[in-house]
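The values are calculated or read from the model by the stated rules, or taken from the named source; none is laboratory data. Keep in mind the model is a prediction, meaning the values are calculated, not measured. Note: ideal-geometry Cβ built from the backbone for every residue, glycine included; neighbour counts use all protein chains shown. Remember, those area values only see protein heavy atoms, side chains included, never the ligands or the DNA or RNA. Shrake-Rupley method; radii C 1.70, N 1.55, O 1.52, S 1.80 Å.
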Amino acid sequence: MSGSKRLDARLLPAAAGVWAITAAAPSLGAEACVGVGVAGGLGCAAMLVVRLRWAAGVALALGFVAAAAAALAVRLHVRDLSPLVDLASDRAVATARVRLTADPRAMAGGFGPDRVAVEGTATDVIARGNRWRLSEPVTIFADAGDWGELVPSQRVTVFAELRPVYAGDLDTAVLIARGPPRDVSDPSPVQRGAGRLRTGLRDAASGLPAGARGLVPGLVDGDVSRMPEQLTADFRTTGLTHLTAVSGANVAIVCGAVLFAVRRGLRLGPRVSAVLAGLALAGFVILARPQPSVVRAGVMGGLALAALASGRRRAALPALSAAVILVVGAQPAMARSIGFALSVLATVALLLVAPPLARWVARHGVPMWLAAAIAVPVAAHLVTAPLIASISGQVSLVAIPANLLVAPAVAPATILGVVVALVSPISGSLARAVAWLASWPVRWLVAVATRGAAVPDAALAWPSGARGALLLAVVMAGGAAVLIRSRPVRHVAAASALGVGLVAFPLRWISPGWPPPGWVIAACDVGEGDGLVIRVGGGAGIVIDTGTEPAVDDACLRGLGVRRVPLLVITHLHADHVGGVTGAMHGRPVGAIVTGPLRDPPGAWRDLVQAAATRGLPVLQPHPGKSWQIGPVQLTVLAPRAAFHDTHSDPNNSSLILRARAAGHTILLAGDAEIETERAMLRDHVDVRADILKVGHHGSAYFDPRFVESVGARLAIISVGARNDYGHPAPSLLSELSADGMSIARTDRLGDLAVTATGPEHNLAVVGHHGAVRTRSPGRGTGALPPAPELRSDRRATMVGCLTTRCSPPCDWLPARRSCSSRVRSPTSFGPRAPPIRTPTSAASRPPEPSWPT
């Protein structure tokens with residue numbers, strides 16, 4: 001390649017450095033940023049006096065990093081001095097005037113009241129008799145019914161409790177709204193127009209089938225609020241997630257269609273074509289809302305389009321690097337945004353990977369227009385795959401064929417969706433007609449995702465986090481390096497791949513890594529919730545609770561090979577137990593649904609009954625003594641005799657307590673039972689002896705030591721979310737379990753875990769998903785496991801928190817900002833306990849609510 005055509009990467013290290021320091025700054029703090037800035041400045045000065053070819057590039061990168069670090073240090077220092085920080089640390093209540101900067105974002109919830117997170121800027125705060133005028137970024141967590149229809153640029157008054165932000169967050173405080181917004185202002189004209197177009201698009205698509213109804217807006221403006229959660233999971237499994245993210249690819253499709261029409265159809269000149277494409281770009285940004293995430297997508301897509309349309313690929317990479325520096329400099333939160341990273345990587349794919357890939361496809365007899373249509377999504381998947389794997393903990397084995405199959409349908413679906421939005425203010429009938437046309441390519445996307453996700457081993461489990469992303473990137477880079485070499489090497493690589501496929505897949509079936517042979521009970525890692533499965537055999541399993549998210553529970557059941565659910569038990573109606581129930585029922589015949597005696601929260605009860613009614617399933621509320629014999633498993637209800645009232649937590653204490661007999665072992669499933677239920681069972685002389693104890697309420701401190709001692713289990717399973725705000729599991733409980741001779745297995749340390757019973761004596765073993773088997777033989781003459789430290793993993797989960805629908809203190813709404821699933825899959829080992837986690841302040845100790853100001 002000649003020097004004139006070679007890409008200019010001189011600004012790339014500077015962009016990468018600025019991005020990295022901006023992402024790390026909230027965790028490092030202001031003082032560390034000062035140190036980085038000083039070191040970068042000194043390094044830049046040193047490079048300027050070095051007379052080497054590469055010194056100028058290094059000096060440029062260090063100079064940008066030093067400037068970014070200095071600016072971030074100032075920003076963090078100003079934030080730390082804000083009065084909101086002190087108010088949040090005391091969990092004060094306040095009245096705040098907030099200007100919204102983003103659309104309300106649905107939070108993982110499930111059954112019961114829906115919640116949203118709304119980002120904004122607090123401009124006026126009244127608390128403790130004082131008033132502050134400021135400009136501080138905050139996030140509001142509130143009921144979706146009151147806040148879900150707000151749009152950016154509106155100003156609202158909120159009465160809320162202030163909470164501290166999580167480490168790594170640039171916001172100043174979190175506001176837990178106590179009521180609906182007040183004094184709501186009108187949105188800006190641009191936002192009003194965007195809202196009208198988006199509403200018209202949703203309304204026009206509302207009559208389409210469920211998948212198309214949610215996906216048509218998702219392709220156009222990234223609105224996936226109506227997209228079924230199972231379809232979202234199928235898109236993730238098949239590597240099609242990038243289609244629903246507002247990215248440069250969306251912009252390129254829209255603007256590319258305009259350029260094609262005006263240059264090929266109308267034969268207009270390049271200047272007029274550029275103006276019309278620019279107008280289309282501005283219109284798309286307005287349609288998808290001109291908030292930071294959409295603006296950066298427009299910037300990225302516009303750069304890619306300009307580079308591809310003009311043929312000046314040499315200038316594309318410097319422009320992209322400059323855009324990254326500007327975007328993260330203006331909006332530092334973008335440095336930690338997955339959407340931003342996906343947009344940048346997708347743009348890199350459009351600039352660097354798609355053109356040569358399209359030419360390679362075209363050389364094999366494919367028309368260039370079709371080759372380009374194929375190359376863009378395939379390149380986007382290849383480049384974004386490491387990042388997606390780091391988030392989801394899996395690598396899709398069907399992503400390439402899925403992307404190839406959907407490639408011809410993406411552009412028509414997107415363009416027709418844009419047309420729907422544009423004509424919706426003019427004619428609703430015409431918009432619905434165009435939406436019906438758009439639904440046909442969209443239905444193809446849905447069919448590919450659904451069928452592809454159903455393929456056995458469609459997704460391969462992969463290490464999550466940065467290490468997983470780096471590992472996959474290295475593997476892909478090595479594969480690419482081999483394939484682009486000479487033809488004999490390509491033949492060797494192809495033969496090697498074929499050999500690996502012929503050997504690895506049979507070995508996978510002969511000695512599968514997950515689920516482990518002989519597993520009896522499995523605990524899905526659903527975060528701060530419960531999701532358990534007792535193996536029945538023949539692809540069937542009894543499911544006890546389903547966590548918060550349907551997609552997470554469905555993925556775990558698929559991984560365990562559970563295709564039928566003869567009995568689905570919901571111990572009680574808190575969202576962290578019932579929220580994923582539709583995932584458990586997705587694509588699986590269910591015999592019946594069983595739940596506890598208390599129909600609280602009422603909204604969760606109505607949702608459960610409705611979900612069961614749509615499938616013709618009964619909802620049973622059995623009394624103690626009720627027993628089911630399902631294959632080799634016997635399941636018996638032990639408690640409660642009736643619903644509890646006026647206890648620390650009535651829903652928790654009213655949880656179903658079950659005993660299962662399977663594979664020669666007894667399992668006690670304690671739901672979220674607390675001390676009142678445990679004492680009642682002891683008074684009633686209920687036999688609670690078991691080999692395996694599913695610890696109640698995620699290891700809460702509200703337990704009776706006599707109850708734990710009476711169980712006498714060898715193994716205690718704690719289903720708990722990593723780094724939760726409840727202090728689960730309580731150190732006092734862990735000490736009690738260990739003192740009673742129980743080994744401890746936790747989902748926050750092992751991820752999905754399974755208990756196996758193998759050998760002539762049915763020895764118990766705990767297996768973390770893709771982890772080493774740790775077998776403990778029964779003690780001589782006792783049949784009990786000797787005392788052992790809790791099972792733990794050397795990796796830490798990144799779970800933030802989960803929501804329960806309605807709890808008594810100390811349970812309350814958590815400011816969760818990410819998925820409630822910490823998909824940790826790593827080998828188990830024995831080691832010391834983690835330090836105790838701070839238990840949140842109870843509601844009783846918080847200051848009283850102030851009255852609204854007049």
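Report, by chain and number, residues whose modeled amide H sits under 5 Å from the one on LEU268, excluding near sequence neighbours (fewer than 5 apart, same chain).
Under 5 Å from the amide H of LEU268 lie the amide H atoms of ARG263, each far enough along the sequence or on another chain.
Please work out how much length the chain gains when fully extended from ASP684 to SER27, using 0.36 nm per residue of separation minus the C-alpha to C-alpha distance, in nm with one decimal.
231.3 nm
In nm, give the distance between the simple-model label positions of ALA261 and ASP186, each being 7 Å from the Cα along the Cα-to-Cβ direction.
Those two pseudo-labels are separated by 3.1 nm.
In whole Hz, with x marking every Gly and Pro, tabulate ³J(HN,Hα) for the stretch 176-185 from phi via Karplus 6.51 cos²θ - 1.76 cosθ + 1.60, θ = phi - 60°.
8, 5, 10, x, x, x, 10, 6, 6, 8
For the stretch 119-191, I need the span (max minus min coordinate) of the C-alpha atoms along each principal axis, in Å, sorted largest to smallest.
33, 29, 23
Under 5 Å between amide H atoms, partner at least 5 residues away or on a different chain: which partners does ASP223 have, H built in plane at 1.01 Å?
Under 5 Å from the amide H of ASP223 lie the amide H atoms of GLY218, each far enough along the sequence or on another chain.
I'd like the Kirkwood hydrodynamic radius of the stretch 591-665, using the inverse of the mean 1/r over distinct C-alpha pairs, in Å.
For the stretch 591-665, inverting the mean 1/r across all distinct Cα pairs yields 13.6 Å.
Taking 0.36 nm per residue of sequence separation and subtracting the Cα-Cα distance, how much length would be gained by fully extending the chain between ALA322 and ARG131, in nm to one decimal?
Net length gain for the segment: 64.7 nm.
On the full set of protein chains, 1.4 Å probe, figure out the accessible area of ASP687 and give it in Å² to the nearest 10.
So the heavy atoms of ASP687 present about 60 Å² to solvent.
Using a 1.4 angstrom probe on the protein heavy atoms only, line up ILE593, ILE415 by accessible area, largest first.
These residues rank, largest area first, as ILE415, ILE593.
For a Förster distance of 41 Å, can you work out the FRET efficiency between the beta-carbons of ASP80 and ASP143, rounded to the nearest 0.05?
Once rounded, the FRET efficiency stands at 0.85.
What FRET efficiency comes out for ALA433 versus ALA46 if R0 is 60 angstrom and r is the Cβ-Cβ distance? Round to the nearest 0.05.
0.35
Please report the equivalent ellipsoid semi-axes of the stretch 553-614, computed as sqrt(5 x eigenvalue) of the Cα gyration tensor, largest first, in whole Å.
21, 12, 10
If you bin every alpha carbon distance in the stretch 1-158 into 5 Å steps from zero, what whole percent lands in each bin?
Per 5 Å bin, starting at zero, the Cα-Cα P(r) for the stretch 1-158 comes out as 2, 8, 12, 12, 12, 12, 11, 9, 8, 6, 4, 2, 1, 0, 0 percent.
With the cut-off at 1.5 for a/c, could you classify the stretch 1-73 from its C-alpha gyration tensor as rounded, prolate or oblate?
Oblate, because a/c is 1.5 or more while a/b does not exceed b/c.
How compact is the stretch 351-393 by the rule of thumb for globular proteins, expressed as Cα Rg over 2.2 N^0.38 Å?
Relative to the rule-of-thumb radius for its length, the stretch 351-393 sits at 1.33.
What ranking, highest mean first, results for peptides 653-662, 435-444, 52-61, 559-568 when packing means the other Cβ atoms within 10 Å averaged over each residue?
Ranking, from highest mean packing down: 653-662, 435-444, 559-568, 52-61.
I want to check the label-to-label distance for LEU460 and HIS623. Put each point 7 Å from Cα in the C-beta direction and report it in nm to one decimal.
Output for this residue pair reads 5.6 nm.
Using the Karplus curve 6.51 cos²θ - 1.76 cosθ + 1.60 with θ = phi - 60°, work out ³J(HN,Hα) for each residue of the stretch 401-408 in order, rounded to whole Hz, and write x for Gly and Pro.
Values, residue by residue: x, 5, 5, 5, 5, 8, 3, x Hz.
Taking amide H positions as placed 1.01 Å from N in the peptide plane, with prolines and chain starts having none, which residues 5 or more places from VAL395, or on another chain, fall under 5 Å of its amide H?
When sequence neighbours closer than 5 places are left aside, the close amide H contacts are LEU460, ALA461, TRP462.
When the expected Rg is taken as 2.2 N^0.38 Å, what fraction or multiple of it is the alpha-carbon Rg of the stretch 337-452?
Dividing the Cα radius of gyration by 2.2 N^0.38 Å gives 1.21.
Write down the percent of antiparallel bridges among all DSSP beta bridges whose residues are both part of the stretch 537-609, to the nearest 5.
10 percent
Consider all pairwise Cα distances in the stretch 665-739 and report the whole-number % of them above 16 Å.
Looking at the stretch 665-739, the distances longer than 16 Å represent 44 percent of pairs.
Give me the extension gain from ALA613 to VAL275: residue separation times 0.36 nm, minus the current Cα-Cα distance, reported in nm with one decimal.
So the extension gain works out to 116.2 nm.
In whole Hz and in residue order, list the ³J(HN,Hα) couplings for the stretch 420-425 that follow from phi through the Karplus curve 6.51 cos²θ - 1.76 cosθ + 1.60, θ = phi - 60°; x for Gly and Pro.
Here the 3J(HN,Hα) series is 4, 5, 5, 8, 4, x Hz.
Ordered by packing density, taken as the mean number of other Cβ atoms within 10 Å over each peptide's residues, highest first, how do 395-401, 531-537 rank?
Peptide ranking by packing, descending: 531-537, 395-401.
Add +1 for every Lys or Arg and -1 for every Asp or Glu among the other residues with Cβ under 12 Å from the Cβ of GLY29, and state the total.
Local charge sum for GLY29: 0.
Per Stokes-Einstein, at 10 °C and 1.306 mPa s, what whole-number D in µm² s⁻¹ belongs to the stretch 25-107, with the Kirkwood radius over Cα pairs as the hydrodynamic radius?
Roughly 102 µm²/s, to the nearest whole number.
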